[in-house]
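Only the coordinates and a few stated rules stand behind these numbers; no lab work does. If you're wondering where the values come from, they're calculated on a predicted model, not measured in any experiment. Glycine gets a Cβ as well: all are built from the backbone with ideal geometry, and neighbour counts include every protein chain shown.
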Amino acid sequence: MKKRRKHRRFICNLLTCFFAALFVFSAYMLYKELQPRIAAKKQYEQLAQRAIQPEMKNPICFAYLMERNKDTVAWIQIEDSNINYPIVQGEDNNFYLYNGFDKKTGSGGSIFMDWQNNSSFKDKNTILFGHHMKDGSMFNNLKYFKEQDFAQQHTITIYTPDYIRSYTVFAVCNIKANENYLQISFDKEASFLRYCQKMILRSTIQTNIRLKRTDSILTLSTCDYTQENDRLVIFARLSSCVKVLSH
């Protein structure tokens, strides 16, 4: 009888140690996974606190940003969302997919411009990429544009050292990653309009925006986890461009 009790006690103690060790290991692995995301989020928050100077005509201090990363080309901001980030441009589209603003490897990467684009937003179509992070950071909040009201009531603001540009969304599309849906330049103005019309027809929201041959657009692309291998792509027309003094 005593032997059975000792045996049971031994089994209980063994199981307790096992589950305690499993809990500690799981907690460590969770911390290991989340810590880089938390650090990246904190870094971007601190960056915004230093770079944003609302009392200035150009509220973004590009001198401060350029000191920290010479690949800085702009800043993107969307009201009522978490999208408030610097935009960088690398020599390819891979580096900033995996590296943060500090050029160190991070799960959230950066918001970055297509390497083939003119960094001054002078192309017919300027393309920006960003991860859809589950913690709500980076381009996660682009999903808000799936709602008709949000898309109609919110614009996308792009700050550069000399200009403040405002873009109005005209199409929101779910596109497979293997589709050739990104185009920067167009051989004819008519082909540009056909491209935009194609996206309008695919759009999940409806707008009354009519594009002209002289228009230029902004494309924001991120992952969409509602379907496998999908991309959520926001198309917006340049609606205003105001020259400002840089600082």
Margin query: Which of 95, 121 has the fewest other C-beta atoms within 10 Å, and how do the rest follow up to the most?
Written below: 95, 121
Next item on the list: Scan around residue 111 for amide H atoms under 5 Å from its own, H built in the peptide plane at 1.01 Å from N, and keep only partners 5 or more places away or cross-chain.
Entry: 88
Next item on the list: Would you mind working out the magnitude of the charge dipole of the range 173-247 relative to its Cα centre, with +1 at each Lys and Arg C-beta and -1 at each Asp and Glu C-beta, to the nearest 20 Debye?
Entry: 380 debye
Next item on the list: Only Cα pairs under 8 Å and at least 6 apart count here; give the relative contact order of the range 89-204 as a rounded whole percent.
Entry: 18 percent
Next item on the list: Scan the range 107-159 for trypsin sites (Lys or Arg not before Pro) in coil per DSSP, keeping those whose Cβ has at most 14 other Cβ atoms within 10 Å, and list them by number.
Entry: 122, 134
Next item on the list: Only loop residues by DSSP count here, and only those with at most 12 other Cβ atoms within 10 Å; note down the GluC sites (Glu not before Pro) in the range 145-244 that meet that.
Entry: 179, 228
Next item on the list: Specify the inter-centroid distance of the range 195-241 and the range 54-114, based on alpha-carbon positions, in whole Å.
Entry: 22 Å
Checklist line | Cross-link reach list, aspartates and glutamates versus residue 70, counting only Cα pairs under 17 Å and skipping chain neighbours closer than eight places | finding: 91, 92, 102, 114, 162
Checklist line | Under the Karplus curve 6.51 cos²θ - 1.76 cosθ + 1.60, θ = phi - 60°, whole-Hz ³J(HN,Hα) for the range 136-148, x wherever Gly or Pro sits | finding: x, 8, 6, 8, 3, 6, 4, 4, 4, 6, 5, 7, 3
Next item on the list: Multiply the residue gap between residue 202 and residue 240 by 0.36 nm, knock off their C-alpha separation, and tell me the result in nm, one decimal place.
Entry: 11.2 nm
Note to self: Just to confirm the filter: which GluC sites (Glu not before Pro) across the range 44-108 are DSSP coil and have at most 12 other Cβ within 10 angstrom of their Cβ?
What the structure shows: 55, 79, 91
Notebook entry, point to check: Does the range 153-247 classify as rounded, prolate or oblate by the C-alpha gyration tensor (a ≥ b ≥ c root eigenvalues; a/c under 1.5 gives rounded; else a/b over b/c gives prolate, otherwise oblate)?
Noted result: prolate
